[in-house]
Amino acid sequence: MRLAFAGLAHSHPFIDAGVAREMGVHSIDVWGGGEPDRLAAFRERYPACEVVGSLPELLARGPAAVVVTTRPGLIPDTVAGVLRAGLPCFVNKPAAASADALAALDRVVVGHEERFLTTSVLRFAPAVVELAARTAGRRVLGARALVRHDIAGFLTPERSWQDDPAEGGGTLISLGLHGAELLDAVAGPGARVVTARRSALVHTATRSEDQGAVLLGWPDGRLGTIEVSGAGGDEVYEVAVQTEDAVETLRLGGTDWLDALGYRGTMRAILAMAGGAPSPVPWERSRSVLACAVEAAAMARGSAG
């Protein structure tokens, strides 16, 4: 199978390519998407990959699926090219960093929904899949998520675009999306932002924030919370679901983090789409998750603190 990578803006394609190789993908094509240093690092790590100079060249090689990891500003045009070619398309998060960018992505995905997937890898973590199955059919009263990932790396010159609200979206989008995805996965779709707050307590040089809290509401009156921390030691991803008879809680992690954090599950979904399967997450649902992150960031940054 031939898998293509369009863009190398952050760490996920480096991990994804290794997982794909582990799963039997032997042909990897890559277009750097305007990231020469990242492309050089990718070639060093995967010397057998085939490098091309443009998206049309990449698509002309006939990949079975395309993984898009460009900077958010390039995503709508890149996705449009992939979907017009009739190829399955996976976009690493965040697929949009603003309301305008989300609207632009919406326009190119409509009509191609079954060939398009964008998600946090955490949705495909085995423990999350299991929790969603356990709570299915039970009355869920509320849910909460905690996401902690130090943003120190986003403040370095080569990655500062990820901390820029105008380019990468900043902490409440890049980390908040993980929380919104977890709540959507285990408590169901339809949540909207009620209120959000942000602050910078440790990384005061940030252009976005290093702490955030989001209150979500579902149409039936249920509430959910997302706590985001961009300062701290170990990465932490927790989710809890309250039902009428119990509180189901999990904390993702383990020695096999590729499996525990959903990287393998996500790649299995991509390869299934390459084989003809429809996207396992409807665009309407993915769009709702993106909208939650975008709305939370806009609301929090418009408030004091």
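Read-outs: derived from the displayed coordinates by stated rules, not from any lab. Bear in mind the structure is a predicted one, so any value in this text is a computation, not a measurement. Positions of Cβ are generated from backbone atoms using ideal geometry, with glycine treated the same way; all protein chains shown enter the neighbour counts.
When Lys and Arg each count +1 and Asp and Glu each count -1, what net charge do the other residues less than 13 Å away from residue 291, Cβ to Cβ, add up to?
-3
Got a sec? How would 226, 270 order by Cβ neighbour count within 10 Å, fewest to most? Present the calculation step by step, with values, prior to reporting the outcome.
Working: 226 31, 270 26.
Placing the least packed residue first, the sequence is 270, 226.
Take the chain, connect every pair of alpha-carbon atoms lying under 10 Å apart with a spring to form a Gaussian network, then pick out the residue of 279, 54, 98 with the largest mean-square fluctuation.
Between 279, 54, 98, it is 54 that shows the largest mean-square fluctuation.
Taking K and R as +1 and D and E as -1, what net charge do the other residues with C-beta under 11 Å from the C-beta of residue 79 add up to?
My count for the surroundings of residue 79 gives +1.
Need the full-extension length gain, residue 1 to residue 103, defined as separation in residues times 0.36 nm minus the C-alpha distance. One decimal, nm.
Details: separation 102, 0.36 × 102 = 36.72 nm, distance 3.28 nm.
That works out to 33.4 nm of additional length.
Length gain on complete extension for the stretch residue 110 to residue 288, per 0.36 nm per residue less the alpha carbon to alpha carbon distance? Numbers along the way, then the final one.
Details: separation 178, 0.36 × 178 = 64.08 nm, distance 1.45 nm.
62.6 nm is the gain from fully extending residue 110 to residue 288.
Given the -39500 (n - 2.57) contribution per DSSP H run of 4+ residues, what per-residue ellipticity at 222 nm results for the chain, rounded to the nearest 500 deg cm²/dmol?
Calculated from helices alone, the mean residue ellipticity at 222 nm is -10500 deg cm²/dmol.
How much net charge surrounds residue 270 when only the other residues with a Cβ under 15 Å from the Cβ of residue 270 are counted, with Lys and Arg +1 and Asp and Glu -1?
+3
Find the all-direction average of the projected area of the Cα convex hull for segment 2-120, expressing the result in square nanometres with one decimal place.
6.7
Per-residue HN-Hα couplings for segment 159-172, Karplus 6.51 cos²θ - 1.76 cosθ + 1.60 at θ = phi - 60°, whole Hz, x for Gly and Pro?
Result, ordered by residue: 10, 5, 4, 6, 8, 7, x, 7, 10, x, x, x, 4, 5 Hz.
Need one number: nm distance between label points at residue 220 and residue 44, each 7 Å from Cα along Cα→Cβ, rounded to one decimal.
Here the modelled spin labels are 5.2 nm apart.
Can you give the Kirkwood hydrodynamic radius of the chain from its Cα pairs, in Å with one decimal?
Every distinct Cα pair counted, the radius reaches 19.4 Å.
Set the Förster distance to 35 Å, then compute FRET efficiency between residue 234 and residue 272 from the Cβ-Cβ distance, nearest 0.05.
Working from the Cβ atoms, E equals 0.65.
Which order do the peptides 128-136, 142-150, 13-21 take when ranked by the mean count of other beta-carbon atoms within 10 Å per residue, highest first?
The most tightly packed comes first, giving 142-150, 13-21, 128-136.
What list of ³J(HN,Hα) couplings, whole Hz, do you get for segment 207-220 from phi and the Karplus terms 6.51, -1.76, 1.60, once you set θ to phi - 60° and write x for glycine and proline?
The phi angles translate into 8, 10, 6, 10, 9, x, 9, 10, 9, 10, x, 9, x, 8 Hz.
Check which residues have an amide H placed less than 5 Å from residue 91's amide H, if you skip close sequence neighbours.
Result for residue 91 returns 68, 117, 118, 119.
Of 201, 121, 230, which is farthest on the positive side of the dipole of the chain, counting Cα position, with +1 on Lys and Arg Cβ, -1 on Asp and Glu Cβ, and the Cα centre as origin?
Projecting each Cα onto the dipole axis, the largest value belongs to 121.
Taking only C-alpha pairs under 8 Å that are 6+ residues apart, what is the relative contact order of segment 2-120 in percent?
Numbers: 195 pairs, mean separation 30.8, N = 119.
The value is 26 percent.
Measure nothing fancy, just the Cα-based angle from helix 99-109's long axis to the longest principal axis of the chain, in degrees from 0 to 90, nearest 10.
50
If amide hydrogens are placed 1.01 Å from N in the peptide plane, which non-local residues have theirs closer than 5 Å to the one on residue 243?
It is 141, 248, by chain and number.
Extension gain residue 195-residue 11, at 0.36 nm per residue separation less the Cα-Cα distance, in nm?
That pair, residue 195 and residue 11, stretches by 63.2 nm at full extension.
Can you tell me the dipole magnitude for the chain around its Cα centre, using point charges on the Cβ only (Lys, Arg +1; Asp, Glu -1), in Debye to the nearest 20?
Values: 29 positive and 35 negative charges, 80 e Å.
Charge dipole, the chain, about its Cα centre: 380 debye, nearest 20.
Give a residue-ordered list of calculated ³J(HN,Hα) values for segment 140-147 (Karplus: 6.51 cos²θ - 1.76 cosθ + 1.60, θ = phi - 60°; whole Hz; x for Gly, Pro).
8, 9, x, 7, 9, 9, 10, 10
Calculated FRET efficiency, residue 159 and residue 247, Cβ-Cβ r, R0 45 Å, to nearest 0.05?
0.75
What are the residues whose amide H is under 5 Å from the amide H of residue 65, where those residues sit 5 or more places off or on another chain and H is modelled from the backbone?
4
Hey, in the GNM for the chain with a 10 angstrom Cα cutoff, which one of 101, 60, 205 fluctuates hardest?
60
Rounded to the nearest 0.05, what FRET efficiency do residue 133 and residue 23 give with R0 = 25 Å and r taken as the Cβ-Cβ distance? Could you check?
0.60
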